[in-house]
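Heads up, the thing below is written out as structure tokens.
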Amino acid sequence: MEAADEVAETTAANGIPVVLETTPFFQSVSFGIWIKSGSRDEADDKSGLFHFLEHLVFKGTPTRTASSIAMEIDTLGGHIDAFTSREVTCYFGHVLTERLDQAFDLVADIMLNSSFPAEEVGRERQVILEEIRMGEDNPSDHIHDRLYPVRWGHHPLGRPITGVADTVNAIDREDLIKARERFYRPPNIVVTACGDVKPDEFTKLVDRYFGHLEHVETHRELSTPRLEPTLKVIERPLEQVHMLVAMPGLPMTHEKRHSLGVLNTIFGGGVSSRLFQRVREERGLAYSIYSFYDQYIDTGLFGVYAACSKPQLKNGWGAILKEIKAIVQNPPTENEVKRAKTMGADNLKMSFESLSSRTTQMAHQKLYHKRLLSLDEMLDDLMSVSAESVRDLANELFTGEDYTILALGPVKENELEWLSP
């Protein structure tokens, strides 16, 4: 599919960027309204503010009650929801084409006109506290949540997206109103859509509901976190020890970002990866094991997660640390790089068959790269990655000593001194 010929960029009357891809052979539309603000843009003592706001907008407007909003979402027959990340908040939907106007009206209403009833603020606060507790009860979720404050400390990227109990309890109705008035405004908004939709008609829809918004300038403080190596143990009465090791990664727009994806695939990104084959398949030391990477505007991290029983801990993590060294000493081969690029290219092509994936891809390109890429351009960037560039990146990322090691389970810190960075 030649996406470039079908992607249109327009602007609403007040300058809000609108990006959409027309795919008339579908009978539905996926859309997203992206706010360029997330947990890194909050004050320390109000951590969780944007997540709280994203929850509360569904709880009533002057013309819709919370129950009628829920009923309308289900009646639309598609999917309407929202999420908050460290750098963006997104309200999104996927509905049949004939229901687009109604869905967009609903999403715009809750975003811009939610009345934040006092009783709903208190009730939703309890819901969020339960969400936090639920995450703490899931070891793999909890250790990933704890990684960021351990790795980045008091840096804005170290804040939990949901906040913590003390900060969630400190957020009041006035905080929510001020956050919406300041951040849910151009030039902080980007709108994307993909499906059976025409550019002029969709832009008119954006104008109708968002064109009246006045510009409110916001400024994001950017500073790259730099911390000392750390070992953190969270003792819990679990059956397994869950562990993460994290090291420096790359920012979102780094010129080697495509090499990073290839390196991750080779190292721990699939069942044929080195980690999976050598730690799980050959030695049976862990059930769940993989590598991952997170990227942000100004920084990133590369990590490895594994869970194993306490008797297997030393052998399991010894094997993982051995593979970290081996990726430098025995760098990726031409065949490994070729296979990883093919896997990435195939996944990319298949993602173009998903309207919601395309909606997200276009937003990502507009928010971070400031330009749109066709499928062919994206494939060219990926396939141009050389084995040499992957080897150089492995050497760059894996030869330092800036490791953060986090363990969660039936283990004490003095039992892991051999792991200390």
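Go through (1) under 30 Å from residue 17 (Cβ atoms); (2) surrounded by fewer than 17 Cβ atoms within 10 Å (Cβ to Cβ); (3) touching a residue at least 60 places away in the same chain (Cβ under 8 Å) and name the single condition residue 385 misses.
(2)
Quick one: how many residues across segment 185-200 are within 30 Å of residue 27 (Cα to Cα) and in contact with a Leu (Cβ under 9 Å, 6 or more places away or on another chain)?
11
Could you list, in sequence order, the residues of segment 92-105 that are aromatic (Phe, Trp, Tyr) and out of contact with any Asp or Glu (no Cβ under 8 Å at 6 or more places or on another chain)? Before the answer, list the steps.
Step one: of segment 92-105, the residues aromatic (Phe, Trp, Tyr) are 92, 104.
104 - this is the single residue of segment 92-105 that is aromatic (Phe, Trp, Tyr) and out of contact with any Asp or Glu (no Cβ under 8 Å at 6 or more places or on another chain).
Within the bounds of segment 346-354, is there any residue that is part of a helix (DSSP H, G or I), surrounded by 13 or more Cβ atoms within 10 Å (Cβ to Cβ) and in contact with a Cys (Cβ under 9 Å, 6 or more places away or on another chain)?
Within segment 346-354, not a single residue is part of a helix (DSSP H, G or I), surrounded by 13 or more Cβ atoms within 10 Å (Cβ to Cβ) and in contact with a Cys (Cβ under 9 Å, 6 or more places away or on another chain).
Go through segment 182-210 and count every residue that is assigned to a loop (DSSP other than H, G, I, E, B) and surrounded by fewer than 17 Cβ atoms within 10 Å (Cβ to Cβ).
The total comes to 2.
For segment 72-102, how many residues are in contact (Cβ under 8 Å) with a residue 60 or more places away in the chain and outside any strand (DSSP E or B)?
7
Out of segment 23-54, which residues are among the β-branched types (Val, Ile, Thr) and either more than 25 Å from residue 80 (Cβ to Cβ) or modelled with pLDDT of 95 or more (or both)?
Passing the criteria: 29, 33, 35.
Report, ordered by the first and then the second residue, all pairs with beta carbons closer than 8 Å, sequence separation of six or more or different chains, a first member in segment 331-353 that is within 27 Å of residue 399 (Cα to Cα), and a second member that is assigned to a helix (DSSP H, G or I) and basic (Lys, Arg).
331/391; 332/391
Step by step: first the residues of segment 93-120, then only those that are crowded, with 19+ Cβ neighbours inside 10 Å and aliphatic (A, V, I, L, M), then the one that is nearest to residue 181 (Cα to Cα). Which residue is that?
Filtering first and then ranking leaves 111.
Anything in segment 164-181 that is more than 29 Å from residue 103 (Cβ to Cβ) and either in a helix (DSSP H, G or I) or touching a Leu at 6+ places or on another chain (Cβ under 8 Å) (or both)? List them, or say none.
165, 166, 167, 168, 169, 170, 174
Please pick out the residue among 309, 259 that is in contact (Cβ under 8 Å) with a residue 40 or more places away in the chain, hydroxyl-bearing (Ser, Thr, Tyr) and either surrounded by fewer than 17 Cβ atoms within 10 Å (Cβ to Cβ) or not assigned by TED's automatic domain parsing to the domain that holds residue 369 (or both).
After applying the criteria, what remains is 309.
Which members of segment 53-71 meet the condition of being outside any strand (DSSP E or B) and not β-branched (Val, Ile, Thr)?
53, 54, 55, 56, 58, 59, 62, 66, 67, 68, 70, 71, listed by residue number.
The values are calculated or read from the model by the stated rules, or taken from the named source; none is laboratory data. Note that the structure is predicted; figures quoted are calculated from it, not measured. All Cβ positions, glycine included, derive from the backbone under ideal geometry; neighbour counts span all protein chains shown.
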